[in-house]
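Have a look at the structure below before the remarks.
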Amino acid sequence: MLIILNKIIFNKLKWIKYFKRKKPINSFKFNIKKSNRNFYKSLKCNKTVFILECKKASPSKGIINKKFNISKIIYIYKKYANAISILTDEKYFKGNFKFLKIASKNTNLPILCKDFIIDEYQIYLARFYKANAILLMLSILSNKKYKKLKLIAENLNMCILTEVLTKNDLKRAIKLNAKIIGINNRNLNDLSINLKRTFNLSTKIPKNIIIICESGIENNIQIRKINKYVHGFLIGSSLMSKKNLTNSIYKILLGENKICGLTSKTDIKLIYKNGIIYGGLIFINNSLRKINIKKAYNIILNVDLKYIGIFNNENIKNIIKICKYLKLYAIQLHGNENQNYINILKKLLPFKIQIWKAKSIEKKLYVQKFKFIKKYIYDNKNGGTGENFNWNLIKKVNNLNNIILAGGINIKNCNKAINLGCIGLDFNSGIEIKPGKKNKIILKSLFNILRNY
């Protein structure tokens, strides 16, 4: 076994010994009822499935979520998850078996007990606290031990997520008739991540077995690349580490999408409820969707989107004024602003405010790189016309992690657009009734369209 794993198992044995004395199995075993929530069935789905994880800490990152509150997390998770994973290890993950019961009380979704399970006591304890499934790691279990633990779980109507790390683990899992196999991308020696493990092992798994990708998922680009090889994902750290959990889920499930040209509070509320992260406010004089600072303030009040101010060769002092008054998330430049302009703007902007740059794409994808630019918006030559450029040019770009695609994107072509691999999409005229007035029906269906994978 690996060094870090050895330490975890050593302490797990001590924990089991202590808890068997503190809470003897005979004190609760006969009060256990069989599970009535089917973890396996919840993952047997036509769409990519998500097991969203409640994790307070990890060995690699320490405390991840200082304001950890199971009930509040579940309230958000249950809207988007197919199942919930709860870390119950106390020493390394600051978990607790009581978290299982709280989670179960707050949702009808199946609950996975994720721990280093090596003793039947842990399974009975997990079910006592209302878990519906357990994780069994082949890296720490012999075949004989796995079979014994699996039988106990199945007698309680609990499902098993069988975790593999190596080709040998995978061969064993298949021979042991595992119904759900989780491929862990984390190296348990140095805690590094290698997503290639999922690609390499998934192709060797029979089609009748559900495959779950575990660890290392940070964004929707990764999801789109990997989902062809797996049935779903188990995601925890990249969600738990963020202040805005809903936005973090949107980023991973749908991408970092933006709707531009917002002019009403009704539209803003609607897009926030339907998976959009960024809201664009246009401060360009000749735009049909131009908005003034006072109206912008009134419509964004108390709606927790990340607001982007759109400017074209604007006076920097005016940008700073608008930015501070509206507490914008980012400034998006649409004109001929050069590096000197950007340098001055960066110096005067509040530290956390990002600068984005829109770039017009015509026949060639030659894009100048600027210092201090966090994201680029790739648009057609005459932005705002509702027309797109030749998207085949995008395929030549190696890294699209800071690229948002714009220009003529609508509900008919948005899936094709997002599968190009950009970090997100920028919608405007393609979802409007008229300039500045978004189509409610389209907005309500946009979440399902983007989630249709």
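A few notes on this one:
- One residue stands out in segment 303-337 among those that are out of contact with any helix residue (DSSP H, G or I) (no Cβ under 9 Å at 6 or more places or on another chain) and polar (S, T, N, Q): the one that is nearest to PHE427 (Cα to Cα), namely GLN332.
- Any hit, segment 207-214, residues being of a type outside the set (Asp, Glu), closer than 15 Å to LYS306 by Cα and assigned to a strand (DSSP E or B): no
- Qualifying strands (runs of 3 or more DSSP E) (wholly inside segment 402-448; at least 1 residues being over 17 Å from ASN219 (Cα atoms), within 19 Å of the chain's Cα centre (by Cα) and among the hydroxyl-bearing types (Ser, Thr, Tyr)): none
Quick grid of which residues meet (1) of a type in the set (A, V, I, L, M); (2) within 17 Å of GLU163 (Cβ to Cβ); (3) in the same structural domain as CYS113 (by TED's automatic domain parsing):
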position	(1), (2), (3)
ASN187	no, yes, yes
ARG197	no, yes, yes
LEU201	yes, yes, yes
LYS207	no, no, yes
LYS243	no, no, yes
TYR272	no, no, no
ILE299	yes, no, no
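- Residues in segment 195-206 that are assigned to a helix (DSSP H, G or I) and among the charged types (D, E, K, R): 2 in all.
- For segment 79-96, the criterion of being more than 23 Å from ILE152 (Cα to Cα), under 19 Å from the mean Cα position of the chain (by Cα) and surrounded by fewer than 16 Cβ atoms within 10 Å (Cβ to Cβ) is met by at least one residue.
- Considering only residues in segment 1-35 that are part of a loop (DSSP other than H, G, I, E, B), hydrophobic (A, V, I, L, M, F, W, C) and surrounded by 13 or more Cβ atoms within 10 Å (Cβ to Cβ), the one that is nearest to the chain's Cα centre (by Cα) turns out to be LEU2.
- For segment 262-302, the set of residues classified as over 27 Å from the mean Cα position of the chain (by Cα), within 20 Å of SER429 (Cα to Cα) and charged (D, E, K, R) consists of ARG289, LYS290, listed by residue number.
The values are calculated or read from the model by the stated rules, or taken from the named source; none is laboratory data. Values in this document were obtained by computation on a predicted structure and should not be read as measured data. With ideal geometry, Cβ positions are generated from the backbone for all residues, glycine too; neighbour counts draw on all protein chains shown.
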